[in-house]
Every structure is written in C-alpha cells, then in structure tokens.
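Novice: I'd like to ask you about the structure that follows.
The values are calculated or read from the model by the stated rules, or taken from the named source; none is laboratory data. Everything quoted here is computed from the prediction, not taken from an experiment. We place every Cβ from the backbone using ideal geometry, glycine too, and count neighbours over all the protein chains shown. To get the accessible areas, we keep the full protein, side chains included, count just its heavy atoms, and leave off ligands, DNA and RNA. Shrake-Rupley method; radii C 1.70, N 1.55, O 1.52, S 1.80 Å.
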Amino acid sequence: ACSSGSIASRPLPPPPSLVAPCAAPVRLPERDATQAEVEVWWSRDRRALRECAEKHAALAKYVEGPQ
C-alpha cells in the first residue's frame, strides 16, 4: 500500500459572494417612462450586467484553481 499521503481532498466551496444570484433586471412600470427614467434604468441594468460578468469570471478563476 502506498503511504505517501496522496489522498484526494475535496475542494473548498467558493465564497458566497461568487455564487450569490445576480441582480434581476429593473422592473419597468406599466406606464410611459420619461427619457431620464429610461437612462437611469438602462444604466442600472448595464452596471448589474457588468458586475455579474465580473463575478462569473471570478468564479471560473476560482474553480480553475492556481495555475
């Protein structure tokens, strides 16, 4: 029997911040929106999309482990 201590260990789970759900799109009201409202909502959605992409990239890097 081999006693070199090469027991496969279970990887640690990723930090909760990397597996938390991404923000949902802005819920639009059932009325006409002003140009200013559209710009604010669009900006929020774009920011959330960028943050979600960054989180997914960080999670992929975590899963890949040290190179």
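Novice: Angle, helix 35-64 long axis vs. longest principal axis of the chain, Cα atoms, 0 to 90°, nearest 10?
Specialist: Between the helix axis and the principal axis of the chain, the angle is about 10 degrees.
Novice: Express the C-alpha Rg of the chain as a ratio against the empirical globular expectation 2.2 N^0.38 Å, rounded to two decimals.
Specialist: 1.91
Novice: If we count trypsin sites (Lys or Arg not before Pro) as exposed when they sit in a DSSP loop and have at most 14 other beta carbons within 10 Å, what is the longest stretch of the chain that avoids them all?
Specialist: 32-67
Novice: Heavy-atom accessible area per residue, the chain, 1.4 Å probe: how many Å²?
Specialist: Accessible area per residue, the chain: 93 Å².
Novice: Report the local net charge at Val26: Lys and Arg +1, Asp and Glu -1, summed over other residues whose C-beta lies under 11 Å from its C-beta.
Specialist: Summing Lys/Arg as +1 and Asp/Glu as -1 gives +2.
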